[in-house]
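Data block below; observations after.
The values are calculated or read from the model by the stated rules, or taken from the named source; none is laboratory data. None of the values given here were measured: they were computed from a predicted structure. Every residue, glycine among them, receives a Cβ derived from its backbone with ideal geometry; neighbour counts consider all protein chains shown.
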Amino acid sequence: MRLTVLGGGGAYPTPERGCSGYLIEHAGFRLLLDPGYATLPALLEHVGAAAVDAVFVSHAHGDHCAGLNPLLRILHLDPDHLSPLPVFALPGAVDPVLALDADMKLDDQADVHEFDAGAELTVGPFTLHTASLSHFVDNVGLRIETGGVSLAYSGDGGADPALRSLAAQATVLLTEATFVEDVPPNSRGSLSSAALAAEYANLADVGRLVLTHLWPGTDPDDASRTARRGYAGPIDVATPGLIVDVR
């Protein structure tokens, strides 16, 4: 399984990186995970829009799903694209995105599969285990398994202790680390830090830690150094173009 980072920023895009966005590939199948603001151009550097086989959205915030709109626009305007794109999301999570450009009927390009947190899904060669993880809105983390390896992902629920169970002995943990060390009071329990991500990675005994969803302006080296204090395994920061072979 291969993870390619398309964004990795939280809240809003910056000149350095778009928001959350990840391409997961295995056996020729391409799963687009959380296409947030400004991630479509990065996706198109790797594959064409029609090469995406399915999309998974963890929650309704635009920095995790707004990129679905331009992706569907491309498919709508492509006369050779005939099949709707499977989109997996919590009930109602992608409705606002699909409502954009209503005159173009972009929702016809999406085959939405709604599920409840805790569901197990089969998407192409992947088995997806989902779990509710706390955030300001309903959010799911997931564990993607295929070929004997696993990738755990928090969505924006990296502060939830349930992430430890979801990520137990995962090959790679890709987790939200919005802040470096101290989480502001109004975000505690809903957003995480590099320090807490490292603690959970250590407790879950994961093979590799990838920090993502950094607050705009955060120095990735600061996040990595802070995580190093709590986790001894390999650490990456999700920056556009980062490729992690999950094996």
Restricting region 1-29 to residues that are hydrophobic (A, V, I, L, M, F, W, C), within 21 Å of Leu142 (Cβ to Cβ) and over 13 Å from the mean Cα position of the chain (by Cα), the residue that is surrounded by the fewest Cβ atoms within 10 Å (Cβ to Cβ): Ala27
Condition broken by Gly148, with the remaining ones in (1) at positive phi; (2) touching a residue at least 24 places away in the same chain (Cβ under 8 Å) satisfied: (2)
Criterion (over 13 Å from the mean Cα position of the chain (by Cα), on the phi > 0 side of the Ramachandran plot, in contact (Cβ under 8 Å) with a residue 24 or more places away in the chain and surrounded by 20 or more Cβ atoms within 10 Å (Cβ to Cβ)) met by exactly one of Ala38, Ala42: Ala38
Selection count where residues are among the hydrophobic types (A, V, I, L, M, F, W, C), surrounded by fewer than 19 Cβ atoms within 10 Å (Cβ to Cβ) and at pLDDT 95 or above, scope region 78-98: 0
Filter pass, Ala117 being buried (at least 20 other Cβ atoms within 10 Å of the Cβ) and not in a strand (DSSP E or B): no
The one condition in (1) crowded, with 23+ Cβ neighbours inside 10 Å; (2) more than 19 Å from Gly21 (Cα to Cα); (3) within 16 Å of the chain's Cα centre (by Cα); (4) not aromatic (Phe, Trp, Tyr) that Ala201 fails to fulfil: (3)
Total residues in region 130-183, condition touching a helix residue (DSSP H, G or I) at 6+ places or on another chain (Cβ under 6 Å) and either at pLDDT below 95 or assigned to a strand (DSSP E or B) (or both): 6
Candidates Ala102, Ala51, filtered to the one that is at pLDDT below 95, more than 24 Å from His213 (Cα to Cα) and surrounded by fewer than 16 Cβ atoms within 10 Å (Cβ to Cβ): Ala102
Residue match in region 55-74 (condition: closer than 21 Å to Ser132 by Cβ, of a type in the set (Ser, Thr, Tyr) and in contact with a Leu (Cβ under 8 Å, 6 or more places away or on another chain)): yes
Pairs with Cβ under 9 Å, 6+ apart, first in region 1-17 and within 16 Å of Glu176 (Cα to Cα), second acidic (Asp, Glu) and assigned to a loop (DSSP other than H, G, I, E, B): Leu6/Glu45; Gly7/Asp34; Gly9/Glu16; Gly10/Asp156
Residue satisfying condition, being touching a residue at least 24 places away in the same chain (Cβ under 8 Å), among the small types (Gly, Ala, Ser) and in contact with a strand residue (DSSP E or B) (Cβ under 7 Å, 6 or more places away or on another chain), within set Ala89, Ala60, Ala66: Ala89
Single residue of region 137-186 satisfying the filter (polar (S, T, N, Q) and closer than 22 Å to Cys19 by Cα) that is surrounded by the fewest Cβ atoms within 10 Å (Cβ to Cβ): Asn186
